[in-house]
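The values are calculated or read from the model by the stated rules, or taken from the named source; none is laboratory data. Please read these numbers as outputs of a predicted model, since none were measured by experiment. Every residue, glycine among them, receives a Cβ derived from its backbone with ideal geometry; neighbour counts consider all protein chains shown. Surface areas here come from the heavy atoms of the whole protein model, side chains and all, with no ligands, DNA or RNA. Shrake-Rupley method; radii C 1.70, N 1.55, O 1.52, S 1.80 Å.
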Amino acid sequence: MTQTSKQDHVLIFDTTLRDGEQSPGATMSHNEKVEIAGLLDEMGVDIIEAGFPIASEGDFEAVRDIALNAKNSVICGLARASTNDIDRCWDAVKHAPRGRIHTFIGTSPLHRDITGLSMDEMANKIHDTVTHARNLTNDVQWSPMDAIRTEHDYLCRVVEIAIKAGATTINIPDTVGYTIPRESSDIIRMLLERVPGADEIIFATHCHNDLGMATANALAAVEAGARQIECTINGLGERAGNTALEEVVMALKVRNDVMPYQTRIDTTKIMNISRRVSQVSGFPVQYNKAIVGKNAFAHESGIHQDGMLKNKETFEIMRPQDVGLAGTSLPLGKHSGRAALRAKLDEMGFALADNQLKDVFVRFKDLADRKKEVFDDDLIALLRDSGAAEQNERIKVKFLRVICGTQAPQSADLILEIDGVEHQKTCEGDGPVDATFKAIKELFPTTARLQLYQVHAVTEGTDAQATVSVRLEEAGKIVTGQSADTDTVVASAKAYVNALNRLLVRREKSAPDADVKTVKYTDAG
Ligand code: KIV
Ligand code: ZN
């Protein structure tokens, strides 16, 4: 059995690759599924529901390959209440060091109508199919689909049958996202009290978010005794989605004082996997999504920014680093105050005298009134007018032309101005951005490692502004460059160069006497 201490350990069962992938439009390729499963395994997910093997040949192969690559996670496959489904599922998950069969049937009156089975006929089917699964493996999960809308007496009866037939985990799904926290905990409590053998198995909670209560309902079930939460990255899933993994895990971590349960999740891996799932599923993460949204650790209003600069705990209940972010973001906009502007300019390496700051602040407010967010490039343009910018822009993009299209290789022809001297280089690459980054690296070699490259469309339509973020790491120091342009490749080049300029400022700050010009420039001319 996979379950550890029933007292305080909550197992995390991730179903991004099954329930998540079922959301319309979220289909992932074979390799993407295997990659995501690897990330979930590394992150400490106890059980990965890798797919529905009978659904298609592709699903079968994905589950099998995920099983073959599994390290620590149990790999689970879904199967309807039929021996064919169950056999196919086992054929896929048996390759894992630990495989699980998850079989289910809809038990509510609505589902019994659809299948045309009487209560007794369904009870027999549950007995037979769970027994069949248990003859294949000793790790069997059973779900009464639509459990929340199933008559309580019947629910207790079928759960008891499944336990007697050998199920080791009983999952209680709120298939249509209908329940509320009190009811979610009452049902688990009732099953624990009424069903013989209930204390021998693990109860799981599987909530959908149709009324926006999936996280609250899952946590309520845990408080009543459930010890497995079924969830997905970014809350992906049928209709309004499932309980979001990042939300329940961080809630248990941040409010461990009132919910004293542990998970095995390495929370610092949350952001990375959230971004990757968003990329491969094509589902953007809502800006104000808890934990992983762009604004989850961003503060714009003057009062909040001022408070954050004095003491981060004023407006943050968890550290951004705990979910894998480099730090808090204080985006500059029309609500920002002078303290935030000064802090931002300091971070960019501009130490302005009070009168300069006063002047820049007036112009900044004027610009912020017209623009949603003021980016670093905008600030540099403002500073240029006051003559303070030049010292920090040692590298500038002077010219960029890329050749892209269906025929590889793509290439970039780039001119950078470095300390006032123009240098040119043409590079080929795997796409125009790769070619451009190669050219930058050739013209300005550093040991900095590219940690993150991210593109957001700020506006909609074919003339959308792309905002690009580039994060570089050098000797433990992390800098982020940003730029916006209607041309994504130009925005990418400028964001990279922006990050390099910041790196140079950092280097100067940490070794003010060092000769920063010792950096070797190559000029392929
Ligand atoms: O929501 C649901 O009921 C399910 C079951 C298959 C567990 O996803
Ligand atoms: Zn579901």
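Please specify each residue of region 235-276 satisfying the condition of being within 14 Å of the chain's Cα centre (by Cα) and of a type in the set (A, V, I, L, M, F, W, C). Across region 235-276, the qualifying residues are L236, A244, L245, V248, V249, M250, I265, I270, M271, I273. If the condition is being in a loop (DSSP other than H, G, I, E, B) and more than 20 Å from the chain's Cα centre (by Cα), then region 206-227 contributes D210, L211, G225, A226, R227. When residues in region 219-267 are screened for being away from ligand 1 (no atom under 16 Å from the Cβ) and among the polar types (S, T, N, Q), 5 of them pass. Note on region 20-73: residues that are within 16 Å of ligand 1 (Cβ to nearest atom), open to solvent by less than 20 Å² (accessible area, probe 1.4 Å) and at negative phi amount to 9.
In region 415-440, the residues that are closer than 21 Å to R394 by Cα and touching a residue at least 12 places away in the same chain (Cβ under 8 Å) reach residues that are among the charged types (D, E, K, R) and not in a strand (DSSP E or B) with C-beta atoms within less than 6 angstrom, at least six apart or across chains, in these pairs: D419/R394; H423/D523; K425/E442. Listed conditions (1) touching a strand residue (DSSP E or B) at 6+ places or on another chain (Cβ under 8 Å); (2) over 20 Å from V292 (Cβ atoms) are all met by T215, apart from (2).
Of all the residues in region 89-129, those that are within 16 Å of ligand 1 (Cβ to nearest atom) and either among the basic types (K, R) or within 30 Å of L40 (Cα to Cα) (or both) number 12.
If the condition is being more than 16 Å from ligand 2 (Cβ to nearest atom) and in contact with a Phe, Trp or Tyr (Cβ under 7 Å, 6 or more places away or on another chain), then region 10-51 contributes V10, D46. Taking V505, is it assigned to a helix (DSSP H, G or I) and at pLDDT 90 or above? The answer is no for V505. Evaluating D8 against the criteria (1) modelled with pLDDT under 95; (2) within 16 Å of ligand 1 (Cβ to nearest atom) leaves one unmet condition, (2). Only a single item in (1) open to solvent by less than 70 Å² (accessible area, probe 1.4 Å); (2) modelled with pLDDT under 90; (3) aliphatic (A, V, I, L, M) is not met by A475, and it is number (1).
Would you be able to say whether some residue in region 52-66 is within 16 Å of ligand 2 (Cβ to nearest atom), hydroxyl-bearing (S, T, Y) and either assigned by TED's automatic domain parsing to the domain that holds I170 or over 24 Å from L252 (Cα atoms) (or both)? Scanning region 52-66 turns up no residue that is within 16 Å of ligand 2 (Cβ to nearest atom), hydroxyl-bearing (S, T, Y) and either assigned by TED's automatic domain parsing to the domain that holds I170 or over 24 Å from L252 (Cα atoms) (or both).
Kindly evaluate R338 against the criterion of being assigned by TED's automatic domain parsing to the domain that holds V34 and open to solvent by 50 Å² or more (accessible area, probe 1.4 Å). When the stated conditions are applied, R338 does not pass them. Inspection of region 251-267 finds no residue satisfying the criterion of being open to solvent by 10 Å² or more (accessible area, probe 1.4 Å), within 16 Å of ligand 2 (Cβ to nearest atom) and either in a helix (DSSP H, G or I) or among the aromatic types (F, W, Y) (or both). Candidates R239, R227: the one that is within 14 Å of ligand 2 (Cβ to nearest atom) and in contact (Cβ under 8 Å) with a residue 60 or more places away in the chain is R239.
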